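These notes concern the structure reproduced below.
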Amino acid sequence: MALIGNLRHRPVRRLTQLYAGLALYGISMALLVRSDLGLDPWDVFHQGLSELTGLSFGTVTIGVGALVLLLWIPLRQRPGLGTVSNVVVIGLVVDATLALLPAGGPLGVRIALLITGIIANGAATGLYLGARLGPGPRDGLMTGLVARRPRWSIRLVRTVIEVTVLALGWLLGGTVGLGTVAYALAIGPLAQLFIPLFAVPDADTATPAPPATAPTAGAPAPVPPAG
């Protein structure tokens with residue numbers, strides 16, 4: 001699959017924003033894990049698989065991302081640099097952050113981790129999507145299914161996917177709780193706030209159009225067309 005997008009327009013900002021966003025996303029996931037108050041649906045699934053297989057949380061995140069990316073092939077979706085980087089970077093960062101953050105702690109500290117993690121996740125989403133270098137593999141799966149089945153709404157497809165992975169993750173032992181509900185309620189408004197804030201303008205809109213030339217003094221006014 002050929003990568004979408006290019007880096008001819010504002011490459012330094014876009015690459016910096018992409019990798020800052022992916023790193024922050026991994027950190028936010030680790031904060032939610034350490035809060036032990038509930039995870040978003042995909043991370044419930046990742047945690048459940050981690051419990052089942054004995055692999056680290058980050059390793060499972062990478063593996064699931066790679067498998068989901070393979071599902072793009074029959075859907076004829078094209079990944080970008082951000083898509084491929086999403087698969088690898090987030091998993092590495094979440095494992096590194098989990099190694100630094102101790103488990104447990106008072107309830108007040110865990111609630112603070114939960115709130116910080118949800119807000120950071122929203123900001124991270126805005127950063128890496130705003131770089132316009134390709135969506136994450138899970139988002140591409142959703143949009144690919146909608147493109148192949150126009151009668152299916154994005155809301156329906158996303159709900160079915162997330163309820164499915166949430167149920168599987170819960171059955172495998174993933175943490176479902178207050179944090180799961182809080183994430184579901186907050187991530188939409190946060191994404192709506194941060195995505196426009198961090199969006200890099202397209203090349204054709206970044207440069208304003210030249211102003212119209214003022215008529216020369218003394219020049220005759222244009223004659224309107226007849227009829």
Quiz item: Would region 143-155 turn up any residue that is among the hydrophobic types (A, V, I, L, M, F, W, C), open to solvent by less than 50 Å² (accessible area, probe 1.4 Å) and either without any contact (Cβ under 8 Å) to a residue 12 or more places away in the chain or within 22 Å of L32 (Cα to Cα) (or both)?
Solution: yes
Self-check item: Answer residue from region 165-204, given it is under 16 Å from V33 (Cα atoms) and of a type in the set (A, V, I, L, M) and is nearest to the chain's Cα centre (by Cα) among those
Solution: A184
Quiz item: Do we find that L37 is modelled with pLDDT under 95 and closer than 23 Å to A191 by Cα in this structure?
Solution: no
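Going by what's in this entry, would V93 be described as open to solvent by 20 Å² or more (accessible area, probe 1.4 Å), modelled with pLDDT under 95 and either among the β-branched types (V, I, T) or in a helix (DSSP H, G or I) (or both)? Can you show your working first?
On the way: open to solvent by 20 Å² or more (accessible area, probe 1.4 Å): yes; modelled with pLDDT under 95: no; either among the β-branched types (V, I, T) or in a helix (DSSP H, G or I) (or both): yes.
Here the answer is no, as V93 does not meet what is asked.
The values are calculated or read from the model by the stated rules, or taken from the named source; none is laboratory data. Model, not experiment: these values are computed from the prediction. Quick reminder, even Gly has a Cβ in these numbers, built from the backbone with ideal geometry, and neighbours come from all protein chains shown. Surface accessibility is based on the protein's heavy atoms, side chains included, excluding ligands, DNA and RNA. Shrake-Rupley method; radii C 1.70, N 1.55, O 1.52, S 1.80 Å.
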